[in-house]
1. Has segment 4-20 got any residue that is open to solvent by 90 Å² or more (accessible area, probe 1.4 Å) and at pLDDT 95 or above?
2. Considering each residue of segment 35-56, count those that are under 23 Å from GLU96 (Cα atoms), open to solvent by 50 Å² or more (accessible area, probe 1.4 Å) and in a helix (DSSP H, G or I), and give that number.
3. Cβ-Cβ under 7 Å, sequence separation 6+ or interchain: first residue in segment 57-82 and outside any strand (DSSP E or B), partner among the hydroxyl-bearing types (Ser, Thr, Tyr) and at pLDDT below 95. Which pairs?
4. If the requirement is being out of contact with any strand residue (DSSP E or B) (no Cβ under 6 Å at 6 or more places or on another chain) and modelled with pLDDT of 90 or more, which of these qualifies: GLY55, GLY67?
5. Can you pull out every residue in segment 57-75 that is open to solvent by less than 80 Å² (accessible area, probe 1.4 Å) and under 15 Å from GLU36 (Cα atoms)?
6. Name the single residue, out of those in segment 21-34 being of a type outside the set (Ser, Thr, Tyr) and open to solvent by less than 50 Å² (accessible area, probe 1.4 Å), that is farthest from GLY80 (Cα to Cα).
7. Kindly check whether there is at least one residue in segment 76-98 that is of a type in the set (A, V, I, L, M, F, W, C), within 24 Å of GLY31 (Cα to Cα), open to solvent by less than 50 Å² (accessible area, probe 1.4 Å) and out of contact with any Cys (no Cβ under 7 Å at 6 or more places or on another chain).
Amino acid sequence: MVDEQLAAAPPDANDYLYQWESSHDYNPSAGMEKIEATLLAINAADDERNPAETGVTAAAIKRIRNGRLYLIPASTETRGHLTTGNAAFYAEQLKELLQSAPQRTM
């Protein structure tokens with residue numbers, strides 16, 4: 001099915017450029033304190049795109065009332081920015097979040 005979808009819409013270099021450029025100046029910080037949901041931000045200690053050493057993510061999470069940051073420790077098994085694509089690294093933290101987050105009815 002994925003092969004069929006990729007064949008139906010061949011990649012266009014302009015799409016990639018648009019995606020990168022559209023996030024270039026995106027800044028969500030103005031509304032951080034408005035977030036009410038329980039939030040778990042996940043990053044990897046060896047993430048080369050969002051390095052933990054900058055403190056940017058940790059500082060932002062402090063502004064979210066019900067937010068917390070889980071930093072996946074770097075290891076021979078982690079793969080930098082790609083690490084967060086493998087839920088095995090944060091399955092326990094996600095389970096805890098889902099069990100402890102307030103349940104709301106619609």
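1. For segment 4-20, residues open to solvent by 90 Å² or more (accessible area, probe 1.4 Å) and at pLDDT 95 or above: absent.
2. Residues that pass the stated criteria total 0.
3. ALA60/SER29; ASN66/THR38
4. Numbers: GLY67 fails: out of contact with any strand residue (DSSP E or B) (no Cβ under 6 Å at 6 or more places or on another chain).
Sole residue among the options that is out of contact with any strand residue (DSSP E or B) (no Cβ under 6 Å at 6 or more places or on another chain) and modelled with pLDDT of 90 or more: GLY55.
5. Answer for segment 57-75, where residues must be open to solvent by less than 80 Å² (accessible area, probe 1.4 Å) and under 15 Å from GLU36 (Cα atoms): ALA60, ILE61, ILE64, ASN66, GLY67.
6. Looking only at segment 21-34, we keep the residues that are of a type outside the set (Ser, Thr, Tyr), and these are 21, 24-25, 27-28, 30-34.
If we keep only those that are open to solvent by less than 50 Å² (accessible area, probe 1.4 Å) too, we end up with 31-32.
Numbers: GLY31: 28, MET32: 26 Å.
Among them, the one singled out is GLY31.
7. Within segment 76-98 (the criterion being of a type in the set (A, V, I, L, M, F, W, C), within 24 Å of GLY31 (Cα to Cα), open to solvent by less than 50 Å² (accessible area, probe 1.4 Å) and out of contact with any Cys (no Cβ under 7 Å at 6 or more places or on another chain)), the answer is yes, since at least one residue qualifies.
The values are calculated or read from the model by the stated rules, or taken from the named source; none is laboratory data. Note that the structure is a prediction, hence the values are computed from the model and not measured. Quick reminder, even Gly has a Cβ in these numbers, built from the backbone with ideal geometry, and neighbours come from all protein chains shown. These area figures cover heavy atoms from the full protein model, side chains too; ligands, DNA and RNA do not enter into them. Shrake-Rupley method; radii C 1.70, N 1.55, O 1.52, S 1.80 Å.
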